[in-house]
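Have a look at the structure below, then the notes.
Since every read-out is calculated from the coordinates, none of them should be taken as a lab result. Note that this is a predicted model, so its numbers are computed, not measured. Cβ sites come from the backbone with ideal geometry, for glycine too, and all protein chains shown count toward neighbours.
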Amino acid sequence: MRTRSLTSLTSLTLGLVLALPSVAAANPITAGVNLGVTQSKEDGAAGLDANDTIGLFGRIGFNKRISGQLEVTRIKTDDGSDVSIRSGTASLVIDLTSKGRLVPTLSAGIGLDSASTTYGSTTDAHHIEGGLGLEYRAEGGLTIGVDLRLGGRTLDQQQDIAYPATGVAYFAPSTLREGEYRSARLFLGVRF
């Protein structure tokens, strides 16, 4: 049974790899980087600053106006908590117009989040988000854009590990918050 599922997975992967060049010839592939900020609703209400983000993304066109996008993001925490937060999102990006260089977009996505400390505590979560963007697509393939997103995050698992801090047992809190969040990012990509 396991061999059959492994063979099916291998066949599916091979089929996708072989089909990729024909899809890329018909529709553009875009790859790039993004910089931005994100803030949970809870942190905003408490008056805390937004966290900086940095990420990579790849997008492939399914047709002239609909694309699939995968992105990975690192959320920087400057609160001294030594927490590393990573996020991965799969999105559907829809071009709202198909004329001109400035293209407004609509996106909707789902993803996974993971926060960990150097002491071993971890938090796993998933999120759903949507937003609006505006892209400038130059003739040579350069893409510059901005997008704003709203989302909701649900914590799946949180594991706290006590570690000594000046002789006192201490639990490291995660800075990955459950509930609503908002994010904004600038991105630079190349279409080919």
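Multiplying the residue separation of I128 and F192 by 0.36 nm and subtracting their alpha-carbon distance yields 20.2 nm.
Using R0 = 22 Å, the C-beta based FRET efficiency linking V37 and V72 works out to 0.85.
Highest average first, the peptides 100-107, 83-90, 44-51 ordered by how many other beta carbon atoms sit within 10 Å of their residues are 83-90, 100-107, 44-51.
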